[in-house]
1. Listing 70, 168, 157 from the residue with the fewest other Cβ atoms within 10 Å to the one with the most, what is the order?
2. Restricting things to Cα coordinates, could you compute the convex hull volume per residue of segment 1-139 in Å³?
3. Can you put 65, 164 in order, fewest other beta carbons within 10 Å first?
4. Over segment 1-98, calculate the relative contact order: mean separation of alpha carbon pairs under 8 Å at least 6 apart, over the residue count, as a percent.
5. Please report the relative contact order for the chain, taking Cα pairs under 8 Å with a sequence separation of at least 6, and give it as a percent rounded to a whole number.
6. Quickly estimate the mean residue ellipticity at 222 nm for the chain, helices only: each DSSP H run with n ≥ 4 gives -39500 (n - 2.57), and the total goes over all residues, rounded to 500.
7. Return 96, 18, 13, 183 ranked ascending by Cβ neighbour count within 10 Å, so the fewest neighbours appear first.
Ligand code: ITT
């Protein structure tokens, strides 16, 4: 069985990846190696810089992900700053910024980079369109999950099981592309 390392410090992401890839003949192992996340560039560029940094230190096949929440009424904020914003103003801060806004649409975006030694990284992208709830709802998931409602349903990500979230989410969609690649390999 092949092992792929997921270089991440985020346990929530790791559980979602494990769930999504559970029927494949691979083992996914979390490694919290840490890598610099370049600020002010696109998610794909963040992931690309991350791969270059890790590759020099880690000789095995690995994936990394950069994700972000882009709120339309805030011109795409927090976007590439989602991590910093989550640990500073958090979900409550985003709700406050949207207090008097009618437009509540937002997009979650995810970019996975897969790296094997001596090969250029491959990127897999997923997006989930939805709206920002009026208040936090649900106990599951992580990060902005209590305030994000994907289109088509009325539940927030935090009110879903991991499996259900994966069927709608930016991460689930990016991983679908990754699974296609793994199956064709
Ligand atoms: P890494 O170690 O993998 O980089 P991270 O927590 O730093 O993990 P990102 O930079 O990719 O993750 O994501 C930025 C923030 O966006 C992150 O801190 C979460 O709070 C939030 N986020 C990402 N994906 C999410 C999801 O599926 N649901 C809710 N919040 C999410």
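No value in this document is a laboratory result; all are computed from the given coordinates. Worth saying up front: this structure is predicted, and the values here are computed from it rather than measured. No Cβ is skipped: glycine too gets one built from the backbone with ideal geometry, and neighbour counts run over all protein chains shown.
1. On the way: 70 19, 168 22, 157 28.
Result, fewest neighbours first: 70, 168, 157.
2. Numbers: hull volume 16.4 nm³, N = 139.
So the per-residue Cα hull volume is 118 Å³.
3. Numbers: 65 26, 164 16.
In order of increasing Cβ crowding within 10 Å: 164, 65.
4. Numbers: 111 pairs, mean separation 25.0, N = 98.
Relative contact order for segment 1-98 comes out at 25 percent.
5. Working: 355 pairs, mean separation 35.3, N = 185.
In percent, rounded to a whole number, it is 19.
6. Details: 6 runs with 60 residues, N = 185.
Roughly -9500 deg cm²/dmol at 222 nm, from the helical runs in the chain.
7. Details: 96 11, 18 15, 13 18, 183 8.
Starting with the residue having the fewest Cβ neighbours, the order is 183, 96, 18, 13.
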